[in-house]
Each structure stands twice: as structure tokens, then as C-alpha cells.
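The values are calculated or read from the model by the stated rules, or taken from the named source; none is laboratory data. Being a predicted model, the structure only gives us computed values, none of them experimental. Here Cβ is always computed from backbone atoms with ideal geometry, including for glycine, and neighbour counts include all displayed protein chains. The area values use the complete protein model at the heavy-atom level, side chains included, leaving out ligands, DNA and RNA. Shrake-Rupley method; radii C 1.70, N 1.55, O 1.52, S 1.80 Å.
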Amino acid sequence: MKKNKINIHFLGAAGTVTGSKYLVDTGDKKILIDCGLFQGLKELRLKNWEYPPVNVADIDAVLLTHGHMDHTGYLPRLVKQGFNGPIYGTNPTLDIARIILNDSAKIQEQEAERANKEGYSKHNPAEPLYDVKDVEKTIPYFKGVPTSQWLPILKDVKARFQYNGHILGATYIELDIRGKRFVFSGDIGRTNDLLLFPPLKPKKADVLFIESTYGGRFHPDEAEALPQIEKLVNETIDRGGSLFIPSFSVERAQLMMLIFWKLLKENKIPKVQMIMDSPMGANVLELFHRTRDWHRLEDNECDEMCSHFTVVSSYRETMELRTDNKPKIVIAGSGMLTGGRMLNYLETQAQNPNNTLLFVGYQAEGTRGRKLLEGEKELKVYGKWVPFKMQVAEIEGLSAHADHAELMDWLSKIKIQPERIFIVHGEKESAEALQKGIKETYGWDAEIPQLYNIEEIEQIEKLQQSIK
């Protein structure tokens, strides 16, 4: 037997929710699990412009749990910094990453152009973090993988991607490094999701990394959310206002479309114009047709649902619709109001107290969404402060993240206590609540690493150990 050291570098989503990046250094190889953007607090967003405290050119491979921006959005910067290895993910994950990265690059280019034109940026000139050409240089490194199969990705390193709910293509990742099992939860989905199947559960983990977004919090049942949405729509339309839903363009937007379509079919809400303003969301709708094995929707349901929506793709159309005061329902990105077309609507509609802004997903600390939920009465949009007078509502039962009970249940098939458990992807209070829950439920100790921590894992190599 031979002793080895494996170092884990926590380069993101440690002590915070966004920017997921975990570097596994085996001594021979370096593997990056996820490559996300920091979002929310300015001090975190500024880190997107910094070089990570590792030599990027030495990274051998990137493995993606799923396609959301806070798990994939840093990839073009990584390539600009010298990474040139394979980027592994399921085919839906890579499709979503292509859509998200291209959309993100275009939005950044547009915002930089507008900032330079209107002179509201502190930087002269304002520049995007990356542009469409950077994305084009990144895509060729993508390599699709099947689920539930062990794959030899590097010397002495095997990986397995397991269905995890949350969004199309999402997985948790198991790494086998010379016989030791590392499990990265990614974002864990809901047990009873209207669109997706329940996540699979790991059976073995020597070293476990588990997300804690909703640690200590419990979602109401999704079915309970439908009457709340019905009530909100009717109240808003009755007073002559419009309902605006900031939504992640992947899965949440499609779920909201499904809910509004069902309510309309059952004559529970009035027939008003329903808009899905997101080229990215439109592309994801096409992806739903190509990924039947990943979700519950039948093709005919997808078609009928889409027929009731105006799907906006052009920016010009957005600029026309945002000044239209007729009652309507608008779904647009981004989910936490960190950017996207919803800001164009709010720039003109935020002062109308008859309108309602409905949040249906997690709002990270420091984001516009969190600030508005906490009662802020001004909204900074494109360098200008806009008075905010809209009604604000939040429905938590529609979150794509497992709640505390579902996180506990996700661990239930691990029969042998992990050697190390790291709680990641959560704010301090949520991480501590999950830490306490794991101790009370399983008797296991768990650690809460902070950003840029390096943890050493001692390993004894066992020759010819089988992988189960």
C-alpha cells in the first residue's frame, strides 16, 4: 500500500451560494468540479475579474454537475486564462451551457455598449467579462457523457454522473480516485417536481460535498403554490396591473409556463397576453422536445403550452412591450434580477403600484431580488435609480432546490459514515442548519469550508480495488 495526499481547493460556493468551483489535486492530475460565476454581493462579483489562486493551465479537466450560470458561467474566462482540456457534462447540461454562455456574452456586450454610450460605468471603457468570441473558443472543449456509467476520464480517475433532478441534465458527480470515492452533490432537485423526476441517491461516499442552499428551511408542497399563483394573477389583473416573474430561463421558466397554461385551461385565470421574453428560454423549450427521458412532459403538452405564449426573441420587441401598460403576464430572466430582460421591464414598470413582481426561486445575498424582497424602495437599473412601487410576492414551494428534509433524505442510502463531509453552496445560516441536521439525523460531523480554503485528504491506495 502507498500513501498519497489529495488536496481540495475551494475556489467558489464556499461560505456563499454562487461561483461553484472545487479543484481536486491528486498529485498527478487536477480536476475542476464546476466552473461558475460569482453573483450577488459586489465583493463576490469582483472576484470574477480576478485570476483564481491556482495555475489554470495545469487543470487537466472540468466536470460539470449542471448548466446553471453559477456552475458554468466562468468557463470562457477559464479558457482565456489558459485552460485547454476537456469539459465533461451530460448532453443536456452542455446544450444548456451553450445557450446560457452565448446569452450571457450577448447581454454583457449589450450592457457594456450601453454603459459606454450613456456614461454610467466607472470603467472607461466598460468591457464585458467575456464576449461571444470567447464562448466560441470554449464550446469545442465540451464532451458529452452518459449517466450512470463509470468513465475513465484521466489516469487513475474514474467519474460517474447520476441523475439529480433540479434542471434538465443535472447530475451529482462521483469520482473514484485510486479506490476512494468523492461525491459532489451539485444542486439537488425536489422529490416531487412537476417537471422532473426525483433525484437518485448516492450509496457510498468517502468524501462528500453537499449543497446547503435551503439548509434549515422547508418548502411548502408545490400543489399549495398553485392556488397562491391563481390568487396573485387574479388580484393583479383585476386592479389593471401586470404580473412580472423574474425566472431562470432553464426549467423555472418552463415550469411557470406550465402552471399558467394549466390555470388558463381550467378557467381559473383570465385570458390575458402571456409573454416568455427570453431567447435562451425559447431555446430551452426546444431542448425539452429533445430530452424526453429527462422530464415528465409529453411532446403534445409542450406544443399546446407554447401555443398560448408569445415567445419574444428580439430586443426590439422587448423595448416595445415594456411600455405597453395593458394587463399581462411576463416571464423573463434573470431569476435574481442580476441582469437580463426583466430589468428592461422594471425600468418602465417599477413605479406602477398595480403591478406585481413575483419571485419563484432563490434570491442570493446582495442581488436586486433579495434587496426588493427585504423591502428596498429603489431599484438601480442601467446606472439609474428607479423608484420601486410594485407589489412584491414570493412563493417558495416552486424552488428547484431540495429543502432541508429532502437534503436529509438524499443522504439516506449512505450506510457507512463518510470520512469527511464538506457543506458548500450555502449562506452561513443555511450551512450551519444543515451541519446541525446531519449531526442530529446521522451522527456525522460535517465541516463548513470558507472560500479559498485548501483541505488535505489522506489516501491509502488499495491495489485492484473494485468499484461498486
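Simple spin-label estimate for residue 268 and residue 325 gives 3.1 nm between the two label positions (7 Å along the Cα-to-Cβ direction from each Cα). Taken over the stretch 263-396, lysine pairs spaced eight or more positions apart, or on distinct chains, with alpha carbons under 17 Å apart number 9. Kirkwood analysis of the stretch 191-323, using all unique Cα-Cα pairs, places the hydrodynamic radius at 17.1 Å.
Show me the ranking of peptides 365-378, 423-436, 167-180 by mean Cβ neighbours inside 10 Å, starting with the highest. Kindly include the intermediate steps, with their values, before the conclusion.
Numbers: 365-378: 16.5, 423-436: 21.1, 167-180: 24.2.
Listed from highest to lowest mean packing, they are 167-180, 423-436, 365-378.
So for the chain: antiparallel DSSP bridges make up what percent, rounded to the nearest 5? Please list the in-between numbers first.
On the way: 37 of 73 bridges.
Here the antiparallel bridges make up roughly 50 percent for the chain.
The residues of the chain have, on average, 41 Å² of accessible surface per residue, using a 1.4 Å probe with all protein chains present.
Volume per residue of the convex hull around the Cα atoms, evaluated for the stretch 88-156, comes out as 115 Å³.
Two tests apply to each whole DSSP H helix in the chain, Cα reach of 15 Å or more along its axis and mean Kyte-Doolittle hydropathy of at least -0.5, and the ones passing both are 222-238, 252-265, 279-290.
May I ask you to give the percent of accessible area on the chain that is carbon plus sulfur, with a probe radius of 1.4 Å? It is 47 percent, rounded to a whole number.
Of the listed peptides 336-345, 139-148, what is their order by residue-averaged count of other C-beta atoms within 10 Å, with the highest listed first?
On the way: 336-345: 23.1, 139-148: 14.8.
The peptides rank, most packed first, as 336-345, 139-148.
Bridges between two residues of the stretch 193-351, per DSSP, are antiparallel at a rate of about 10%. Short-range pairs are left out: with C-alpha atoms under 8 Å and at least six residues apart, the relative contact order of the stretch 218-318 is 29 percent.
Distance between the modelled labels on residue 120 and residue 51, one decimal in nanometres: 3.4 nm (7 Å Cα→Cβ projection).
Taken about its Cα centre, the stretch 91-226 carries a charge dipole of about 780 debye when Lys and Arg each add +1 at the Cβ and Asp and Glu each add -1 at the Cβ.
At 0.890 mPa s and 25 °C, plugging the Kirkwood radius over alpha-carbon pairs of the chain into Stokes-Einstein gives what diffusion coefficient in µm²/s? Show your work: numbers first, answer last.
Working: Rh = 22.8 Å.
Diffusion coefficient, whole number: 108 µm²/s.
Modelled spin labels at residue 113 and residue 307, positioned 7 Å past Cα toward Cβ, are 3.7 nm from each other. Structural descriptor for the stretch 1-114: relative contact order 20 percent, calculated from alpha carbon pairs under 8 angstrom and at least 6 residues apart. Placing R0 at 30 angstrom, the Cβ-Cβ distance between residue 200 and residue 300 gives a FRET efficiency of 0.60 after rounding to 0.05.
The slack in the chain from residue 293 to residue 155, taken as 0.36 nm per residue of separation less the alpha-carbon distance, amounts to 46.5 nm. Scaled against 2.2 N^0.38 Å for its residue count N, the alpha carbon radius of gyration of the stretch 17-58 is 1.28.
In the stretch 1-78, the DSSP beta bridges split such that about 75 percent are antiparallel, to the nearest 5.
Sort 10-17, 99-106, 410-417, 222-229 by packing, meaning the average of other beta carbons within 10 Å per residue, with the highest value first. Mind showing how you got there, number by number?
On the way: 10-17: 25.4, 99-106: 22.0, 410-417: 14.2, 222-229: 15.9.
Put in order of decreasing packing, that is 10-17, 99-106, 222-229, 410-417.
You can think of it this way: the chain between residue 384 and residue 224 has 53.8 nm of extra reach, that is 0.36 nm per residue less the Cα-Cα gap. Along the axis of the charge dipole computed for the chain (Cβ charges of +1 for Lys and Arg, -1 for Asp and Glu, origin at the Cα centre), the listed residues 285, 46, 348 are led at the positive end by 46. The charge dipole of the stretch 254-404, taken about its Cα centre with unit charges on the Cβ of Lys, Arg, Asp and Glu (plus for the first two, minus for the last two), comes to roughly 520 debye.
The Cα trace of the stretch 346-468 gives Rg and Dmax of 21.3, 68 Å, the first to one decimal, the second as a whole number. Both radii are taken from the alpha-carbon atoms of the stretch 123-221; with Rh as the Kirkwood radius, Rg/Rh is 1.08.
Quick one: putting +1 on the C-beta of Lys and Arg, -1 on the C-beta of Asp and Glu, what dipole do you get for the chain around its Cα centre, in Debye to the nearest 20? Working shown, then result.
Details: 60 positive and 65 negative charges, 134 e Å.
Dipole of the chain, to the nearest 20 debye: 640 debye.
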